[in-house]
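What follows is a single structure, written as structure tokens, with notes after it.
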Amino acid sequence: MKWLKVYGLPKLPLFLAKLAMKLGLPGPTWYKWKAASSGTGVILDEMIRAADDLGYNGQKIAQLAMSRIGEKQGRDLREQLGVKTMKDAVDVVMLANRFFDIEITLTETKDGEYAVNVDRCPWFGGMGHEGVPGWDVKPCAAFSTYEKALVKAINPNVKLAYTEKRTTGGHTCRGVYTYKDPELGDNGGPQPVRIGRKPTGRVGGRD
């Protein structure tokens, strides 16, 4: 079978692409969902590269943007759905990952701790997938910042730490949720969404 291969987008059977063009169809629903996910990864990656090319710290800028998104979404979820426990935070992050076409499963549960593993990441590739070109530790770290901010907005007393990442040579991506203060538990109150500090200026004095 021949495939249509476009930068940053999942493969699509060539005959389906031609048929959609000829008939004016919007394309299969499954493809639009995967294309939107892949497009998010490309935009994040290119935003970092573009800022680096202009002499800014692209990773810091991307992390600030993703952190703000996570904080605002986490606040909305806490206020409107009443999510606030550690398990709530785990469930929300797992749902968010599915929106981004990342397959993640809960692997361990014990008192005051949850651990999750990424089974498939279409952005990094591997596991039978090509991934987003150029996807490495920088955009991955920015997306991780989003997840951490989401968790913090849901319950400020819950900490998400990554004990292993494939972008840094690990065999999997593993996130561990723990309480910052075990005695406080799920009673961490909501915090206002912060704007975030202004990113540092140009690097190296470039014009």
Exercise. Given the options LEU16, LEU106, LEU77, state which has the largest fluctuation in a GNM of the chain using a 10 Å cut-off (strictly under) for Cα springs.
Key: LEU16
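Mind scanning LYS5/LYS148; LYS138/LYS159; LYS32/LYS159; LYS34/LYS138; LYS18/LYS60; LYS18/LYS72 and naming the pairs with a C-alpha gap bigger than 30 Å?
Pairs exceeding 30 Å: LYS5/LYS148; LYS32/LYS159; LYS18/LYS60; LYS18/LYS72.
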Quiz item: Rounded if a/c is under 1.5, else prolate if a/b beats b/c, else oblate: with a ≥ b ≥ c from the C-alpha gyration tensor eigenvalues square-rooted, which is the stretch 43-171?
Solution: oblate
Quiz item: Karplus couplings for the stretch 79-89 from phi (6.51 cos²θ - 1.76 cosθ + 1.60, θ = phi - 60°), rounded to Hz, Gly and Pro as x?
Solution: 6, 8, 10, x, 6, 7, 7, 4, 5, 4, 4
Self-check item: Spin-label model distance (nm) - LYS32 vs LEU184, 7 Å beyond Cα toward Cβ
Solution: 4.3 nm
Quiz item: Rounded to a whole number, what % of the accessible area of the stretch 56-187 do carbon and sulfur atoms account for, probe 1.4 Å?
Solution: 50 percent
Exercise. Pop the C-beta distance of LYS2 and LEU106 into the FRET formula with R0 = 35 Å and round what comes out to the nearest 0.05.
Key: 0.35
Exercise. Give me the distance in nm between label points sitting 7 Å out from Cα along the Cα-to-Cβ direction at ASP91 and ASP53, one decimal.
Key: 4.4 nm
Practice problem: Report the local net charge at GLN59: Lys and Arg +1, Asp and Glu -1, summed over other residues whose C-beta lies under 14 Å from its C-beta. | Solution: -2
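The values are calculated or read from the model by the stated rules, or taken from the named source; none is laboratory data. Because the structure is predicted, anything quoted here is derived from the model rather than measured. Note: ideal-geometry Cβ built from the backbone for every residue, glycine included; neighbour counts use all protein chains shown. Protein only, heavy atoms only, side chains kept; ligands, DNA and RNA dropped before computing areas. Shrake-Rupley method; radii C 1.70, N 1.55, O 1.52, S 1.80 Å.
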